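Here the structure comes first, spelled out in structure tokens, and everything after it is commentary.
Rule-based calculations on the coordinates, nothing more; no lab input. Just so it is clear, the structure is predicted and the values come from calculations on it, not from any experiment. Methodologically, a virtual Cβ is constructed for each residue, glycine included, from the backbone with ideal geometry; neighbour enumeration extends over all protein chains shown.
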Amino acid sequence: MNKPAQVWNQRYQAQPLAVDDAWLWQWQSLLPLPSGGQALDLGSGDGHETGALLALGWQVTAVDISEQALARCQAKHPPAHALLADARDLSALPAHSFALVIAHLSLHYFDQADTLKAFTGLQRLLTPSGLLLGSVNAEDDFNYGAPKDASNWATVLVDGLPKQFFTEAKLREALGPGFEILQLNKRQSLRYGAAKSVWDFAARVQA
């Protein structure tokens with residue numbers, strides 16, 4: 001088991017970590033009609049987004065690097081399919097198999113090469129015109145470890161895990177030419193008792 005997985009397992013053994021902030025609902029106007037469609041919840045954690053997608057009629061694959069997180073998600077949402085995997089290697093899943101991918105605070109743990117690899121992998125999984133909805137640490141997320149200058153791709157070690165903090169330019173680079181950006185918004189929220197700064201984004205695979 002790699003170190004990040006060990007860290008997350010220890011955290012989830014201690015307590016539930018995900019905060020149900022109803023993040024998904026801001027995207028309701030963009031969500032395609034599921035009609036039994038396939039959705040991927042990347043970094044599912046305790047399963048808040050998984051549960052919301054199931055309630056909307058999606059068939060959901062919940063992916064996490066932590067066995068403990070997946071166990072919590074499965075206990076709450078038995079209909080979901082659970083997959084233990086790293087966001088940088090989703091080769092176990094077939095190409096073009098998901099109309100929707102959700103990545104809520106799960107894509108900001110990598111350096112430049114691995115970030116680009118992860119986003120390219122998600123593009124592979126999405127159907128033509130498939131939708132990616134995500135949220136990542138912003139460059140001014142100072143309460144949660146952001147450096148004074150986040151313009152380069154160096155990760156920052158925060159509580160035992162590497163973290164990436166995105167500028168708009170870095171996020172646009174990660175999405176690359178394969179995605180059409182529909183929305184890109186910086187937002188402040190309250191998480192674990194302190195203000196958190198994130199970039200929220202919606203992007204569609206270029207047809």
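Considering only residues that are out of contact with any helix residue (DSSP H, G or I) (no Cβ under 6 Å at 6 or more places or on another chain), closer than 21 Å to ALA92 by Cβ and not aliphatic (A, V, I, L, M), which ones fall in segment 51-66? Give the steps one after another, and end with the answer.
We begin by selecting, within segment 51-66, every residue out of contact with any helix residue (DSSP H, G or I) (no Cβ under 6 Å at 6 or more places or on another chain); these are 51, 53-59, 61, 63.
Narrowing further to those that are closer than 21 Å to ALA92 by Cβ: 53, 58-59, 61, 63.
Matches in segment 51-66: TRP58, GLN59, THR61.
Any residue at all in segment 136-143 that is of a type in the set (Phe, Trp, Tyr), more than 20 Å from ALA95 (Cα to Cα) and surrounded by 19 or more Cβ atoms within 10 Å (Cβ to Cβ)? Taking every residue of segment 136-143 in turn, none turns out to be of a type in the set (Phe, Trp, Tyr), more than 20 Å from ALA95 (Cα to Cα) and surrounded by 19 or more Cβ atoms within 10 Å (Cβ to Cβ). Candidates are the residues of segment 46-66 that are free of Cβ contacts under 8 Å to residues at least 40 places away in the same chain and part of a loop (DSSP other than H, G, I, E, B); the one that is surrounded by the fewest Cβ atoms within 10 Å (Cβ to Cβ) is GLY57.
Being free of Cβ contacts under 8 Å to residues at least 40 places away in the same chain, of a type in the set (Gly, Ala, Ser) and in contact with a helix residue (DSSP H, G or I) (Cβ under 9 Å, 6 or more places away or on another chain) is a property that ALA150 has. Condition first: under 18 Å from the mean Cα position of the chain (by Cα) and closer than 20 Å to GLY121 by Cα. Can you find one or more residues in segment 181-189 that meet it? Looking for residues that are under 18 Å from the mean Cα position of the chain (by Cα) and closer than 20 Å to GLY121 by Cα, one finds at least one in segment 181-189, hence yes. Report the residue count in segment 67-120 for those that are polar (S, T, N, Q) and either surrounded by 22 or more Cβ atoms within 10 Å (Cβ to Cβ) or farther than 24 Å from THR155 by Cβ (or both). Residues meeting the conditions: 3. Scanning segment 178-196 for residues that are surrounded by 19 or more Cβ atoms within 10 Å (Cβ to Cβ) and either under 13 Å from ASP141 (Cβ atoms) or of a type outside the set (A, V, I, L, M, F, W, C) (or both) turns up just one, LYS196.
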